[in-house]
Amino acid sequence: MASRLFYGVLLALVLAVLWLLLSGYWFKPLLVGFGVFAVIVALVATARMGLLDGESVPFARLPQYLKYWGWLGAEIFKANIAVVRIAMAPDLNIKPVMTRVAVTAKSDMARTTYANSITLTPGTVTVEVEETGFLVHALTEEFADQDAFRDMERRSIEAVEGKKALEKPRGEA
Amino acid sequence: MITPILDFGIAIVLAVSMVLMISRLFIGPTLYDRVLAVNSFGTKTVLFLAVFSLMVGRGDGLDIALLYALINFIATIAILKFFRYRSLDVALSQMALRRALDGEDDD
Amino acid sequence: MDYGFWIDLALDIVSAGFVITGAVFVLAGAIGVIRLPDFYTRMHAAGVTDTLGAEMIVIGLMIQGGLSLITVKLALLGVFVFLTSPTATHAVANAAYKSGLKPLLTRYRPHAGSDDGGAA
């Protein structure tokens with residue numbers, strides 16, 4: 001119960017800040033009143049759907065996400081240059097491959113973060129999500145590097161579930 | 001002092017790549033090429049709107065750009081859902097059931 | 001006052017660098033979508049535009065906008081594109097795969113006959 005209250009307050013704060021920033025009306029009582037009404041409606045709807053948990057309100061782990069996104073940004077930069085070099089080469093020498101990538105992450109959020117990171121990195125796209133692995137389409141064989149995928153998964157689990165989740169033994173569902 | 005000219009140049013580049021996307025939309029052999037082209041066209045439109053609103057010095061364009069980004073995402077998902085189930089009137093909770101009944105080999 | 005002029009100039013140059021890099025990547029992605037041989041490979045080229053191109057242009061515009069609501073809205077726009085584009089790409093790819101569209105898995109040779117049948 002206490003955690004639901006915490007996530008409710010957090011969501012209300014984030015929604016209020018978002019409303020103020022997007023509307024730009026800080027001092028007009030009527031419009032701010034509408035904003036408060038909108039925040040309350042959104043909050044009640046979220047609570048009624050039973051979504052007040054760490055997965056729907058992920059703002060408490062923002063520092064970890066920002067660290068992960070920084071690392072991901074560097075990876076994306078490198079992969080982008082490689083893809084552009086291939087796409088612009090005069091003879092288009094490519095050999096696409098489909099590979100299966102093992103997934104050990106258990107929580108939906110970690111799996112989603114991992115799959116989306118693979119898709120976001122140019123050169124690799126998650127085509128199919130299965131229970132124990134992803135089917136990944138890669139532009140050339142260099143992009144389908146299993147060690148790089150494992151490193152990315154380790155980092156995404158660390159960002160979503162915390163460092164402790166990495167030390168626990170995995171495998172059982 | 002260089003920013004107006006720069007923004008104009010960027011708008012031109014975005015317009016050119018939008019034209020390229022439109023041509024992929026027309027020649028793309030499969031449906032999925034066309035959906036991809038529409039989605040990518042939408043991303044470029046969002047960027048174009050952002051550049052345009054800074055070019056004319058009015059922040060209002062950014063609200064439209066944000067809204068366009070949202071609609072673009074939902075439209076892509078809606079198009080794919082329609083062509084997979086031939087209807088938008090299927091609840092997400094029933095999709096798994098329907099797939100199980102069809103025996104996993106939907107068209 | 002003299003000082004402010006140089007800061008403005010430096011910000012202009014940094015923002016120009018970001019925006020021009022972004023535009024180059026957007027254009028390269030668009031050309032890639034036209035050039036690459038089949039749907040799955042085109043998807044990767046479209047990803048170039050969605051990630052680095054879009055984010056670079058947004059960051060460059062944020063520097064132009066300065067400290068104002070414009071910058072906040074651009075940042076939201078950037079985060080939103082960053083979060084939705086992989087979902088949309090995966091949705092298209094998964095729909096294509098489920099419908100039985102076969103990816104090209106042999107080496108693509110545009111000038112060496114048509115033995116591996118890359119649909120242009």
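Quick notes on this one:
- Long pairs among A:Lys67/C:Lys102; A:Lys78/B:Lys44; A:Lys95/C:Lys102; A:Lys106/C:Lys102; A:Lys67/A:Lys106; A:Lys95/B:Lys44, criterion Cα-Cα beyond 26 Å: A:Lys67/C:Lys102; A:Lys106/C:Lys102; A:Lys95/B:Lys44
- Computed magnitude of the charge dipole of chain A (debye, nearest 20; Cβ of K, R +1, Cβ of D, E -1): 660 debye
- At least 18 Å along the helix axis (C-alpha) and Kyte average at least 1.0, DSSP helices within chain C: C:2-35, C:69-98
- Summed residue charge, Cβ within 12 Å of A:Leu139's Cβ, Lys/Arg positive, Asp/Glu negative: 0
- In plain terms, the C-alpha convex hull of the range A:2-48 casts an average shadow of 3.2 nm² when viewed from every direction.
- Amide proton proximity set for A:Val127, modelled H, under 5 Å, gap of 5+: A:Leu135, A:Val136, A:His137
- Sequentially through the range A:61-74, phi angles give Karplus couplings (6.51, -1.76, 1.60; θ = phi - 60°) of 9, 4, x, 5, 5, 5, 4, 5, 5, x, 4, 5, x, 4 Hz, Gly and Pro residues having no value and appearing as x.
- Measuring nothing but alpha carbons in the range B:1-68 and taking Rh as the Kirkwood radius, the Rg to Rh ratio lands at 1.08.
- Cα pair distances exceeding 18 angstrom across the range A:83-137, given as percent: 39 percent
- Ellipsoid equivalent to the protein assembly as shown - semi-axes via the Cα gyration tensor, in Å: 33, 30, 21
- In whole percents, the pair-distance distribution calculated for chain C from its alpha-carbon pairs, binned every 5 Å from zero, is 2, 11, 14, 16, 15, 12, 9, 7, 6, 4, 2, 1, 1, 0.
- Shown here: the range C:24-69, whose C-alpha atoms stretch 44, 15, 10 Å along the first, second and third principal axes, sorted largest to smallest.
- At 1.567 mPa s and 4 °C, Stokes diffusion of chain A via Kirkwood alpha-carbon radius, µm² per second: 69 µm²/s
- Listed values for the range A:139-144 are Karplus-derived 3J(HN,Hα) couplings in whole Hz (6.51 cos²θ - 1.76 cosθ + 1.60, θ = phi - 60°), namely 5, 9, 5, 5, 6, 8, and x replaces Gly and Pro.
- Take every pair of alpha-carbon atoms less than 8 Å apart whose residues are at least six positions apart; their mean separation over the length of chain A yields a relative contact order of 20 percent.
- Per-residue ellipticity at 222 nm from helix content only, as computed over the protein assembly as shown with -39500 (n - 2.57) for each DSSP H run of at least four residues, stands at -23500 deg cm²/dmol.
Read-outs throughout are calculated quantities, based only on the coordinates presented, and are distinct from any laboratory measurement. Since the structure is predicted, the reported quantities are computational estimates derived from the model, not experimental observations. Note that each Cβ is placed from the backbone with ideal geometry, even for glycine, and that neighbours are counted across all protein chains shown.
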